[in-house]
Amino acid sequence: MKQLVLIFFTFSTAFASQVGSLPERAPIKLLTEVQEFMQEGRYDRAEKRLKSSSFSDPHVLRLLVELTQREGRRDEAQSYSRRLLGLYQSGQLNTSEEIGQAAYAAWQLRLWQDANRIFIEAAEVQPVSVSLFVDWGNLYLKKYNAAEAELIFRDGIQAMDQSSSEYFRWGVDAAYVGLSQALKGQFRPGVTEALAQALELNPQNLQAFAFKTLLAIEDKNWKEAQDWIEKGLKKNKLFLPLLELECAYEYFRGEIQEFEKRQQRILKINPNDGDLFETLGDLANRNRLLTEAAEFYREALQRNPQQESARASLGIALLRLGEEEEGKRILEVAYANDPFNIWTVNTLRLLDSFDRFVRFETPHFRIKLHEKEAVALKPYVEELAERSLRTLELKYNHQVSGKYVFEMFPDHEDFAVRTMGLPGLGALGATFGRIVAMDSPSARPRGEFHWGSTLWHELAHVVTLSLSNEKVPRWFTEGISMMEERQAGEGWGDYLNVGFVQAYKEDVLLPLKDLNSGFERPESGQALSIAYFQAGWICEFLVSGYGFESLSAMLKAFGQGLSTEEVFQQVLGASVEEIDGQFRQEMEETLKPLVSKLAAPENFTLVHLLPGGVGQEEEGEGEAESETDLETLLQAWQAAPENYFLNLRLGTQLKSAGRQEEAIPYLEKALEILPTQAARGSPYDILTRIYEETGQVDKLVEVLQSWWRAAPQFAENAHRIASLLSDRDQPQEAAKYLEEVMYVDPLQPETHQQLGDLYLRLNETEKAVREYTVFLSLSPVDGAAAHYRLAQALFESGDRQGARNHVLLSLEIAPAYPEAQTLLLKLVRQ
Amino acid sequence: MRIGSFSLFSFFFLLTSVAAPQGLAQGETVCIIITGLGGMPEYEENFLSWGLATEAHFQDELESVVYRLDGREKKKTDILQLFEQISSSPPPQELWLFLIGHATHDNRNYKFNISGPDLTDQEIQKFFDGLGETRTYLVAATSSSGTLASQLGQKNRVIVTATKSATERQPPLFMSFFLEALTSEEADTDKNAKVSLLEAFLFSHQKVAAWFEEKGRIQTEHSTLQDNGQVLLEKKTILETHPGNQGTLLASTAYLSRATDQPYRTREARELASRGVELEREIEDLKFRKNQMPENEYYRALEELLVKLAILNESIAEMEGEL
């Protein structure tokens, strides 16, 4: 603070000594003319014009800052910024627009807090300037606060009618461009709409062209990107942001010669252009080309050592490449230089938390598990990771090279930070670079998360990314992962549900050519789920229509840098549109019959049929009311006996009314219509309750088994089945169910104890030892019994010393424990 | 002590309206269960059912003299009268007091919520102080109960609270797990076929924590145990680092299960059993010294004693015809 005051004092005195009296303002005509020159790419002319005018005009100084910065002439830019700030300090700036320029100057001098303060001041001067909100919002975007930036841009749009400035640097169109960027930064919808508004207000807005280009490149819509580049460069062939994006376009299209020429051209304009390389790095990062991203970020820093955002991105990229030490070191420097970057802060905090992780290696993985659950998870994670990779490598006839880092996070927000640098991510797992990260079972409420299928899904990404040199489009790698997940285990992955049928009915499914945007800019969480399911189905369709080998061939073709259209033509012999048409036909054949069965029948709404959720039982106010409802329902059912919801509702209501046996046929019918709808309150759930209450054990086992196959995330079902089978003296079958529970809920001590008991019964002593070891690690209440059980299993497996150690530990807790005493004597006497 | 006619009337009224009125004899176990106001039907139901379950356990399993007072109907005067009655009777061997309900703390006093004026910590303290050498066990399964541990803890008393401080104000789950412990093999960690107050506390303490973790919620209650005015067991880990301490705790010999020990048939078995008790004491002493010994030496000595005990128990079983 003292330093800032000193700087300001120095500026103001220096300025006062130079000027002595109120400054002259440049004529509006001049400023407008200069802006036009800049818009048209006549930068030299613009600079000459400005220099011929008064230096004490804040707008002149601001434009000079922009012009000199554009060419990387940092010292000059700083000098103009200081002069501009000096005008403010000496009280010579009066209007909102003018004071806003001083804020901009403070920003350029990296006086962030002062810039913000001056923007606030400018915003309090009426009439307020739209332009200041644009600069202000851009400051927040620069400082990683897209949420705040959004609010500021919106204020700017509101201020449109208030401003009466005769000259302003930016109009409302620029505010819309900023808004679009702010929305994108928060992964929120409305990006394209805001851009459209900008272009409607100003069809020649170059920043809008640039942003459009960026979005098209991100979506790999090369034609569209090219169109926007051409349009923009036609207006201003020296507009640097567009030239940078053109460079990126050439790079990612594999036009390396053109790329290198363009790069040289840009560096001729601005040898210190860090933005070029940071943009290349960001796009490489986005395309999972992490090694290249890191190189680009390094180059950005070489060109501009103050490009702190690039430094932070470099640190994060290195972490994703498994270069933990160097990544951390770079992030620490980034934090010291720029503490505003939340990605840096979050990632450094995450790295600190790694001190509490246990690390171990398997043939293909370097695994990190949190110390509180490492013992419990280790046997299952290492087995499944190796098995899934082996299976997928064989299937796709491709071996990945080197080891991958595999991390499981008991805190979902840590996983989100690891993946995105920010909390709040909705995903369960992610693969990037050499890292596979996911939630651990304890990160999610019980019954919501099948970690086994998520792991398999992620390892499918490892193989498809490796096979395609990281060039596989998002929809395709996700589609293959969804497909592989379903094939990994019975009931694993996602299946057809009411939501997807509804989306089909409403015709909101994306065409294949746009499916990438369903992942990268989904309109909602539901839209994202639908994109995933659709992608998986498309892959299954390709396998059934074109053979499994088509997938491998497509992956390899993508790896050669071919576009989606080129890959489809080369491997499938058809265009994207044609394949999409074929797929839609299959979808129609499957879904059309279901649409009517899943619609709300006449005189009903789905809300009425699904009170509080699918099939939730209602307690009526009295028999009379429920009977009336039943009559109405029965009448409706007679008109639509194939309606899923009517059958479910009737079944549920009959059960509530105590008419269990009558309920069963309706529930079975609902199951027949949509067997994959297996959430709580589904026909499975209601039938389970009926059979439990009526003591029909065989049927209970049957429906529980069906439910488990349809939805293996409800661990309590597997527990019930195991218990029932165990009672029927079927320990082998019982054990199978508990084994499967481990992929859902491996942190319950009782499950491991029960499975250990079953293994002992089956004389599978090694497995019993494993289970009891895990049981013990979960700090069960009855430590003596836990040690004893493990001692028993070790004894049976022939490990006498291990048995002795644990029986002593058991008796240490409970010296009079009869069973443990017997085992101790057995050990000492043999 | 002279009993006035009004008091006499109240006494009879009390006898007809509580669950198990019995005359007190010296050496008996007395259990007082007071359930408080629920406020909401869900809590009321819980408090009442927990109170009834505790009553049933103490009556059927422990054959204690049980007084259950429903704080929705009973007033403080009724409770104080019962306290007075017990204080003025021959002192019981053990006295258990269960408070099940809501409570508050106004920075001065703990107040157990019942109909009318609340029962305060000072009133409970006065009652306890009047019991002399009677082993007294308080289970305060209420919110804001933490201060009772330091306030009431002293020699011959064990104070169990469902919360660690006055600021833990959510209705606790503690009692539901405590009741589960009473009949749980899992809770019987020393495998002597009996569940002690210490074991029930540790079981409940752990189960409450596991419940919150499973639900993904911040834990809003942390139970504590103060034993003989000296030990405050807020964390189970204290026991893990001091395994030898448990036998010296009063709470470890306050049993909530009926003793299943049958008298030995043979004199030799009785002598051996007596030797067994000595051996167990030696084991506890050794455990107490664990941190002062090299690990190898400790486990060698422990094994020696455990083998002796095991052989001894085996011999007893043979003598008693159990093998």
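General remarks:
So that you can scan it fast, the table gives a plain yes or no per residue for (1) within 23 Å of residue B:44 (Cβ to Cβ); (2) among the charged types (D, E, K, R); (3) open to solvent by 30 Å² or more (accessible area, probe 1.4 Å); (4) at pLDDT below 95:
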position	(1), (2), (3), (4)
B:83	no, no, no, no
B:97	yes, no, no, no
B:103	yes, no, no, no
B:107	no, no, yes, yes
B:114	yes, no, no, no
B:119	yes, no, no, no
B:128	no, no, no, no
B:132	no, no, yes, yes
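Each row is one residue, and each column tells you yes or no for (1) touching a residue at least 24 places away in the same chain (Cβ under 8 Å); (2) over 23 Å from the mean Cα position of the chain (by Cα); (3) open to solvent by 60 Å² or more (accessible area, probe 1.4 Å).
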site	(1), (2), (3)
A:120	no, yes, yes
A:129	yes, yes, no
A:147	yes, no, no
A:153	yes, yes, no
A:160	yes, yes, yes
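- Cβ-Cβ contacts under 7 Å between residues 6 or more apart (or on different chains), taken from a first residue in the range B:65-79 that is without any contact (Cβ under 8 Å) to a residue 40 or more places away in the chain to a second residue that is of a type in the set (Ser, Thr, Tyr) and crowded, with 22+ Cβ neighbours inside 10 Å, are listed as B:70/B:35.
- Residue A:474 vs. criteria open to solvent by 20 Å² or more (accessible area, probe 1.4 Å), within 17 Å of the chain's Cα centre (by Cα), more than 14 Å from every other protein chain (Cβ to nearest Cβ) and not aromatic (Phe, Trp, Tyr): yes
- All of A:106, A:115, A:102 fail the test of being in a helix (DSSP H, G or I), touching a Pro at 6+ places or on another chain (Cβ under 9 Å) and small (Gly, Ala, Ser), apart from A:102.
- Residues satisfying the stated conditions in the range A:381-401, i.e. open to solvent by 50 Å² or more (accessible area, probe 1.4 Å), farther than 14 Å from residue A:451 by Cα and either modelled with pLDDT under 95 or not hydrophobic (A, V, I, L, M, F, W, C) (or both): A:387, A:390, A:391, A:395, A:397, A:399, A:401
- Meets criteria (facing chain B (nearest Cβ under 8 Å), surrounded by 24 or more Cβ atoms within 10 Å (Cβ to Cβ), in contact with an Asp or Glu (Cβ under 9 Å, 6 or more places away or on another chain) and under 25 Å from residue B:201 (Cα atoms)) for residue A:788: no
Results for (1) more than 10 Å from every other protein chain (Cβ to nearest Cβ); (2) open to solvent by 30 Å² or more (accessible area, probe 1.4 Å), shown as yes or no for each residue.
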{"site": "A:784", "(1), (2)": "no, no"}
{"site": "A:796", "(1), (2)": "yes, yes"}
{"site": "A:801", "(1), (2)": "yes, yes"}
{"site": "A:817", "(1), (2)": "no, no"}
{"site": "A:828", "(1), (2)": "no, yes"}
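- Checked against the criterion of being within 14 Å of chain B (Cβ to nearest Cβ), under 28 Å from residue A:701 (Cα atoms) and open to solvent by less than 40 Å² (accessible area, probe 1.4 Å), the candidates A:747, A:778, A:738, A:758 yield just one match: A:747.
- Among residues of the range B:161-185, those that are within 14 Å of chain A (Cβ to nearest Cβ) and buried (at least 20 other Cβ atoms within 10 Å of the Cβ), counted: 3
- Residue in the range A:39-66 that is farthest from residue A:77 (Cα to Cα), counting only those that are touching a residue at least 12 places away in the same chain (Cβ under 8 Å) and part of a loop (DSSP other than H, G, I, E, B): A:41
- Within the range B:251-291, restricting attention to residues that are aliphatic (A, V, I, L, M) and in a loop (DSSP other than H, G, I, E, B), the residue that is nearest to the other protein chains (Cβ to nearest Cβ) is B:259.
- Residue B:158 vs. criteria more than 14 Å from chain A (Cβ to nearest Cβ), under 27 Å from residue A:784 (Cα atoms) and buried (at least 20 other Cβ atoms within 10 Å of the Cβ): yes
- The single residue among A:505, A:556, A:597 that is open to solvent by 50 Å² or more (accessible area, probe 1.4 Å) and more than 30 Å from residue A:638 (Cβ to Cβ) turns out to be A:556.
- Among the residues of the range B:186-220, those that are charged (D, E, K, R) and either facing chain A (nearest Cβ under 10 Å) or free of Cβ contacts under 8 Å to residues at least 60 places away in the same chain (or both) comprise B:186, B:188, B:190, B:191, B:199, B:207, B:213, B:214, B:215, B:217.
- Taking the numbered list (1) out of contact with any Leu (no Cβ under 9 Å at 6 or more places or on another chain); (2) touching a residue at least 60 places away in the same chain (Cβ under 8 Å); (3) under 23 Å from residue A:306 (Cα atoms) in turn, residue A:139 passes all entries but (2).
- Being over 24 Å from residue B:200 (Cα atoms), open to solvent by less than 60 Å² (accessible area, probe 1.4 Å) and within 12 Å of another protein chain (Cβ to nearest Cβ) is a description that does not apply to residue A:809.
Yes/no per residue for (1) at pLDDT 95 or above; (2) open to solvent by 20 Å² or more (accessible area, probe 1.4 Å); (3) under 19 Å from residue A:497 (Cα atoms):
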position	(1), (2), (3)
A:609	no, no, yes
A:616	no, yes, yes
A:624	no, yes, no
A:631	no, yes, no
A:645	no, no, yes
A:657	no, yes, no
A:678	no, no, yes
A:704	yes, no, no
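- Within the range B:192-206, the residues that satisfy the criterion of being crowded, with 20+ Cβ neighbours inside 10 Å, outside any helix (DSSP H, G or I) and not hydroxyl-bearing (Ser, Thr, Tyr) are B:192, B:195.
- For the range B:292-320, the candidate set comprises residues that are more than 11 Å from chain A (Cβ to nearest Cβ) and free of Cβ contacts under 8 Å to residues at least 12 places away in the same chain; within that set, the residue that is surrounded by the most Cβ atoms within 10 Å (Cβ to Cβ) is B:293.
- Subset of the range A:320-365 [basic (Lys, Arg) and buried (at least 17 other Cβ atoms within 10 Å of the Cβ)]: A:320, A:328
- In the condition set (1) in contact with a strand residue (DSSP E or B) (Cβ under 8 Å, 6 or more places away or on another chain); (2) free of Cβ contacts under 8 Å to residues at least 40 places away in the same chain; (3) within 24 Å of residue A:486 (Cβ to Cβ), residue A:354 is compliant with all but (3).
- The numbered conditions (1) under 36 Å from the mean Cα position of the chain (by Cα); (2) within 14 Å of another protein chain (Cβ to nearest Cβ) are all true for residue A:821 except (1).
- Of the set (1) in contact (Cβ under 8 Å) with a residue 24 or more places away in the chain; (2) in a helix (DSSP H, G or I); (3) surrounded by fewer than 18 Cβ atoms within 10 Å (Cβ to Cβ), all apply to residue A:182 but (3).
The values are calculated or read from the model by the stated rules, or taken from the named source; none is laboratory data. This structure is a prediction, so every number in the text was calculated from the model and none was measured. All Cβ positions, even for glycine, are placed from backbone atoms using ideal geometry, and neighbour counts span all protein chains on display. The protein model used for the area step is the full one, side chains on, heavy atoms only, and it has no ligands, DNA or RNA in it. Shrake-Rupley method; radii C 1.70, N 1.55, O 1.52, S 1.80 Å.
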